[in-house]
């Protein structure tokens, strides 16, 4: 199973998930055995590891995160997450945030992004920095007692300011990456997750947009309805797979998000006037 986060926690009314405007704070504790799960992110995330160990397996690298370390990860990453229990427990909290939070943060604190580099993922240690450590402990207390959400939001901003203070270069690169990709964020998320999108509702959920917002975005950018956009993107991906792989029609159907092979064949023929089999044969 692939977990789409924070969507999974929202849709399942996870008891330790707190919403603050468009920010989500998750306190995550497990006493079960070590596990390895597939994860897709629909928001940027900040993970503070309080107990245990986490290994993030990305396409080109593996990153090990230890107790008392913070990790920042940009939106729309796909990775394998391996949680390793320590003393019968794994404990962390995760902050999910969107582009708007970053824009507001940069504006509020008049931050000069003096970087042209890209950085989607980095980590740092906070334990040896007394002020930073106290901020993390204070934030934990706010989460545990569910104090005023406005105070929680200020505490989150304080964490970001500490990161900027401790590791200005990498934080600047990280912020720059978000600023550069923000304009096409929705398209990027949709195209990267075609295989799990089966409806317009799915498109709204994974992009955190209302139907009206999504319809307006797709109309302005592509002059199409969301449904037509999704249908065409699925067929486009299928044509690439038919042309460049030996995958079966059934496997390609699944990879493009179709619930049945017969529905895939029907939709493919609707948009190309040929069947997937004939399309591949006539290449």
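The values are calculated or read from the model by the stated rules, or taken from the named source; none is laboratory data. All of these numbers come straight from a predicted model, not from anything done at the bench. Every residue, glycine among them, receives a Cβ derived from its backbone with ideal geometry; neighbour counts consider all protein chains shown.
Between 76, 60, the distinction of being surrounded by fewer than 20 Cβ atoms within 10 Å (Cβ to Cβ), assigned to a loop (DSSP other than H, G, I, E, B) and modelled with pLDDT under 85 belongs to 60 only.
Set side by side, the residues 198, 155 differ, and just one is assigned to a loop (DSSP other than H, G, I, E, B) and surrounded by 13 or more Cβ atoms within 10 Å (Cβ to Cβ), which is 198. When 136, 186, 106 are checked against the criterion of being surrounded by 13 or more Cβ atoms within 10 Å (Cβ to Cβ), touching a strand residue (DSSP E or B) at 6+ places or on another chain (Cβ under 7 Å) and outside any loop (DSSP other than H, G, I, E, B), a single residue qualifies: 136. A count restricted to the stretch 241-265 and to residues that are in a helix (DSSP H, G or I), out of contact with any helix residue (DSSP H, G or I) (no Cβ under 7 Å at 6 or more places or on another chain) and within 16 Å of residue 196 (Cα to Cα) stands at 3.
Taking the condition assigned to a helix (DSSP H, G or I), surrounded by 17 or more Cβ atoms within 10 Å (Cβ to Cβ), at negative phi and over 24 Å from the mean Cα position of the chain (by Cα), does residue 230 pass? Spelling it out, it is not the case that residue 230 is assigned to a helix (DSSP H, G or I), surrounded by 17 or more Cβ atoms within 10 Å (Cβ to Cβ), at negative phi and over 24 Å from the mean Cα position of the chain (by Cα). Selection within the stretch 266-282: residues that are surrounded by fewer than 17 Cβ atoms within 10 Å (Cβ to Cβ) and in contact with a helix residue (DSSP H, G or I) (Cβ under 6 Å, 6 or more places away or on another chain). The member of this set that is nearest to residue 229 (Cα to Cα) is 271. The single condition among (1) closer than 30 Å to residue 231 by Cα; (2) in the same structural domain as residue 68 (by TED's automatic domain parsing); (3) out of contact with any strand residue (DSSP E or B) (no Cβ under 7 Å at 6 or more places or on another chain); (4) crowded, with 16+ Cβ neighbours inside 10 Å that residue 179 does not meet is (4).
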